[in-house]
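Novice: First the structure, then my questions, so here it is.
Derivation of every value follows stated rules applied to the coordinates shown; laboratory data play no part. Not measured: the values here are computed from a predicted model. Methodologically, a virtual Cβ is constructed for each residue, glycine included, from the backbone with ideal geometry; neighbour enumeration extends over all protein chains shown.
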Amino acid sequence: MSDVAAAEMRADMRSNIENVVSALSDAESWIGLGQSQKIAGDYEAAINSYNRALQLDKDQLLALISLGLLYLHKSDVAGAISLLRRATIVDDAAHQAWDALGLAEMANGAADRACAAHRTACALEPTHIGYALHYIDACVASGQSDDLMTACLARNRQNQADIVALVMLGRLVADQGRIAEAEDYLEAAHLLDPSAAEISLLLASICSTAMRPHQTVKYLRAAYKLRPNDLAIANDLAVALSRCYHYHEAANLLQEAMGRLGQTITTLCNLANVLAASGDIALALSMAEKARLLAPDNALPWRILANLRPYQYGASVQNIRDAAEQAAKRLTRPAATKICRHSQPHKPLRIGLLSNTLRTHPVGWLTLAGFEHLDAQSFELHCFGHFEPRDPLTRRYAAKAQAWHDISRLNDHQVAAQIAAQQIDILIDLGGNGDSGRISVCAHRPAPVQVKWVGMQCHSSGLHEMDYFIADRWEIPVGHEQYYTEKPLILNDGYICYLPPEPVPVSSLPAIACGHVTFGSMNNLTKINPRCIAVWACILRQIPTARFLMRCPQASEAAPRRLVIDWFAAEGIPADRLTLRGRASHREFLETYREIDIVLDSFPYSGGLTTCEALFMGVPVVSLVGDSFAARHSFSHLSNVGLGDWAVHDEKSYVARALEAAADLAGLADLRSHLRALMLASPLCDAPRFGHNLGLALERIWADYCGSS
């Protein structure tokens, strides 16, 4: 059944039900209809039904509470408070009314009144975990969390089996960043009551914040089993599964849950992300477009469209910029954040790094070495993001930084206020619109100068509050500035500095040992598409003995493997010429290059870190240069190593370059033997040189700011 037919059927059913209820003319029937309409997501109809119930009985408690919560959902906070106060007068023992009133008062910014309302709800229903968590939110907002902590500790000493006290302590210490202690409290509560979904959700939240996706999945599975009709839990579980590279399972979960429970903007957008990761960009874009049509004023669908379009074969750079700009226009921009504005051109600069991925991650591999070589007398670094103490790259960022500010549990306004309080001169976003990115903080303008760099740096941020976009002459050539809302900050050499990993020995040329050429791709499946496969197949058809090796996380699942095999089969390449491998440790991933003679880059979204790693392992990369920032990563890296002639500008030349290289095994073997040394001596890996150039660029834009102000 089509979406249109299903909608028409639901409308007919709703009309029939309304006719029946109208004939009954009693408040309870209208409330029943309102509840059904609310569950179906028809909030306007539900509001009408609850109002009809109140016309018949002005003191109908359930109608007052339900209508108040719907008004709150619609951001009519004053209307919600009025209704919910009436509900507490009708029945001052109605704990649901007090809890709902507390939520409305919080939305109104009246944290003290919210605290009082939630305290009453907890007193009326002391075993209700949800009320206790709402009470904590209000206490934290009103500055009463220390008093609440003292009360909870006393309550726990009095009864160590008090589940609510354990949960409250777990949540309170988690908010203070005491993660291990929080887990102890919550695990104890979970053992006492494994049927409480709220406890599993809290544990999942802690594990997610700590970047432990497999444990997050475990707790979300438990919560979803307890609440199978909770679409929000299904959505969060799908996100966690995706972080574990279980994309096919995540897609199936979302599609099943949305079929039963309806669609939301968030679930449609997450499904788009999952489908893209599974290799279906076309269907992913259709989901994002559907979300955009449902909520044209919501930033999220536009953000997904901006992130997905660089992967779409044939997408224009202007369309990518337009989507990013539309997303940015819809972000919240409160006027309350105060920027410390000063104009001292010759002073040590306070540089803020905004990212949750300052760790073993592409952001770490491509930026850390440059930051480490900034002049310590001229630059003071402050990190704003998740701190992972066990991660070696995190520890190196921390060693370079003056301070690390954990923003895991802060909203955008709070993060912006913290950045402003630290008097950051230049804020560099290193997260973008990626998973766990906080670029929306930049819409609050917490620093005088704001810069976009690595971290989902595949297109313009679209933010007019973002002043600069770090790039190089290969990534943004003359004439391409129009595709960026920011001013390109062109560095002298490449726009990144690659931090080489622990060395894995470079092998001799595999083709000489095994008697055939092996082409390969180590890029994420999201970057692969049927057109890309068609061009690769054209190369393979002209060298009948050649093989193709692909490694990506998605290939650990049967469905994505079958998709790739089918794509090649459609181009006449049988499965026995393919080797598909899935997830691996970083060392095992690098060792795979020992089996590859030539890497065939993906397009239109080219390799970034994977291209650097291929070169480090002695493997040259044939790349097709496009117009978007994402389509030019390899062009930049190859050019900085002196292999710019491996980057070509049309598909015919791409095929010809691959065939030419494959025909010259002696040349390939010679290049392989010295490519790592060539790379390490190049600007791509020259950290002191890069740090010097980056420092000059930052001082230049600060001087420009001081001059303009």
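Novice: State the volume of the convex hull built on the alpha-carbon positions of the stretch 262-421, expressed per residue in Å³ and rounded to an integer.
Specialist: In the stretch 262-421, the Cα hull volume divided by residue count equals 175 Å³.
Novice: About its Cα centre, how strong a charge dipole does the stretch 77-170 have in debye, to the nearest 20, once Lys and Arg get +1 and Asp and Glu get -1 at the Cβ?
Specialist: Working: 6 positive and 10 negative charges, 7 e Å.
With only Lys, Arg, Asp and Glu charged at Cβ, the dipole is about 40 debye.
Novice: Right, here's the next one. Quickly work out the ASP175-to-ALA669 label distance, labels modelled 7 Å from Cα along the C-beta direction, and quote it in nm with one decimal.
Specialist: Result: 6.8 nm between the two label points.
Novice: Does the stretch 510-684 come out rounded, prolate or oblate by the C-alpha gyration tensor, with a ≥ b ≥ c the root eigenvalues, rounded set by a/c under 1.5 and, if not, prolate when a/b is larger than b/c and oblate if not? Provide the component values of the computation, followed by the final result.
Specialist: On the way: a/c = 1.32, a/b = 1.27, b/c = 1.04.
Because its axes are fairly even, with a/c under 1.5, the stretch 510-684 counts as rounded.
Novice: Along its principal axes, what span do the Cα atoms of the stretch 418-495 show, with the longest given first and each in whole Å?
Specialist: If we take the Cα atoms of the stretch 418-495, the spans are 37, 26, 21 Å.
Novice: Principal axis extents for the stretch 328-484, Cα atoms only, whole Å, descending order, please.
Specialist: 40, 39, 36
Novice: List the relative contact order of the stretch 510-684 as a percent without decimals, with contacts defined as Cα pairs under 8 Å and 6+ residues apart.
Specialist: For the stretch 510-684, the relative contact order is 22 percent.
Novice: Please arrange SER634, SER460, SER653 by how many other C-beta atoms lie within 10 Å of their C-beta, fewest to most.
Specialist: Ascending Cβ contact count within 10 Å gives the list SER653, SER460, SER634.
Novice: Positive end of the charge dipole of the chain (Lys, Arg +1 and Asp, Glu -1 on Cβ, about the Cα centre): tell me which of LEU624, GLN55, ALA288 has its Cα farthest that way.
Specialist: With unit charges placed on the Cβ atoms, the residue in question is LEU624.
Novice: To the nearest 20 Debye, how big is the dipole of the chain about its Cα centre, given +1 on the beta carbon of each Lys and Arg and -1 on that of each Asp and Glu?
Specialist: Once rounded to the nearest 20, the dipole reads 700 debye.
Novice: For every helix of n ≥ 4 consecutive DSSP H residues, a contribution of -39,500 (n - 2.57) applies; sum these over the chain, divide by its total residues, and give [θ] at 222 nm rounded to the nearest 500 deg cm²/dmol.
Specialist: The helix-only estimate for the chain comes to -17500 deg cm²/dmol at 222 nm.
Novice: Which lysines, on any chain, are close to LYS452 with Cα under 26 Å apart, when same-chain ones fewer than 8 places away are left out?
Specialist: Within the straight-line limit of under 26 Å, LYS452 reaches these lysines: LYS329, LYS338, LYS347, LYS400, LYS487, LYS527.
Novice: If r is the Cβ-Cβ distance from ASN48 to ARG689 and R0 is 56 Å, what FRET efficiency results, to the nearest 0.05?
Specialist: For ASN48 and ARG689, the calculated efficiency is 0.25.
Novice: Of MET211, ASN433, LEU694, which is farthest towards the positive pole of the chain's charge dipole, taken about the Cα centre with +1 and -1 on the beta-carbons of Lys, Arg and Asp, Glu respectively?
Specialist: Among MET211, ASN433, LEU694, the one farthest towards the positive end of the dipole of the chain is LEU694.
Novice: With the cut-off at 1.5 for a/c, could you classify the stretch 87-133 from its C-alpha gyration tensor as rounded, prolate or oblate?
Specialist: Oblate is the answer for the stretch 87-133, as a/c is 1.5 or above yet b/c matches or exceeds a/b.
Novice: Still on this structure: Roughly how tilted is helix 213-226, in degrees to the nearest 10 and between 0 and 90, from the longest Cα axis of the chain?
Specialist: 30 degrees
Novice: Something else now. Work out how much length GLN402 to ARG594 would gain on full extension: take 0.36 nm times their residue separation and subtract the Cα-Cα distance, in nm to one decimal.
Specialist: Length gained, GLN402 through ARG594: 65.1 nm.
Novice: Quick one: what Rg and Dmax do you get for the chain from the alpha carbons, in Å?
Specialist: Taking only Cα atoms of the chain, I get Rg and Dmax of 28.2, 90 Å.
Novice: Would you be so kind as to identify which of VAL164, TYR135, ASN640 lies farthest towards the positive end of the dipole of the chain, taking Lys and Arg as +1 and Asp and Glu as -1 on Cβ and the Cα centre as origin?
Specialist: ASN640
Novice: Can you give the Rg to Rh ratio of the stretch 23-143, both from alpha-carbon atoms, with Rh computed by the Kirkwood formula?
Specialist: 1.00
Novice: Going by how many other Cβ atoms sit within 10 Å of their own, how do SER408, SER623 line up, fewest first?
Specialist: On the way: SER408 19, SER623 29.
Sorted ascending by nearby Cβ count, the order is SER408, SER623.
Novice: Roughly speaking, what is the stretch gain from ASP57 to GLN414, that is 0.36 nm per residue apart minus the C-alpha to C-alpha distance, in nm to one decimal?
Specialist: 124.2 nm
Novice: Give the Debye-formula value of log10 I(q)/I(0) at each listed q (0.09, 0.11, 0.15 Å⁻¹), with one equal scatterer per alpha carbon of the stretch 161-282, two decimals each.
Specialist: Each listed q corresponds, in turn, to -0.27, -0.39, -0.68.
Novice: For a Förster distance of 30 Å, can you work out the FRET efficiency between the beta-carbons of HIS586 and ARG531, rounded to the nearest 0.05?
Specialist: The value I calculate is 0.50.
Novice: If each residue's Cβ is checked for other Cβ atoms within 10 Å, how do ARG333, ARG676, ARG359 rank with the fewest at the top?
Specialist: Details: ARG333 13, ARG676 18, ARG359 22.
Arranged by neighbour count, lowest to highest, ARG333, ARG676, ARG359 become ARG333, ARG676, ARG359.
Novice: With a point put 7 Å past each Cα toward its Cβ, work out how far ARG333 is from LEU191 in nm, to one decimal.
Specialist: With each label point 7 Å from Cα toward Cβ, the separation is 5.3 nm.
Novice: A further question on this structure: Report the label-to-label distance for ALA161 and ILE39 in nanometres (one decimal), using points 7 Å from each Cα along the Cα→Cβ vector.
Specialist: 3.6 nm
Novice: What is the gain in length, in nm to one decimal, between ALA123 and ASP704 on full extension, counting 0.36 nm per residue of separation less the C-alpha to C-alpha distance?
Specialist: 203.3 nm
Novice: Taking Cα atoms of the stretch 403-554, Rg/Rh with Kirkwood Rh, to two decimals?
Specialist: 1.11
Novice: For the stretch 155-220 and the stretch 347-378, what is the separation of their Cα centres, given in Å?
Specialist: Here the two parts' Cα centres lie 34 Å apart.
Novice: I've got another one for you. At what distance in angstrom do the alpha carbon centres of the stretch 602-625 and the stretch 539-575 lie from each other?
Specialist: About 18 Å separates the Cα centre of the stretch 602-625 from the one of the stretch 539-575.
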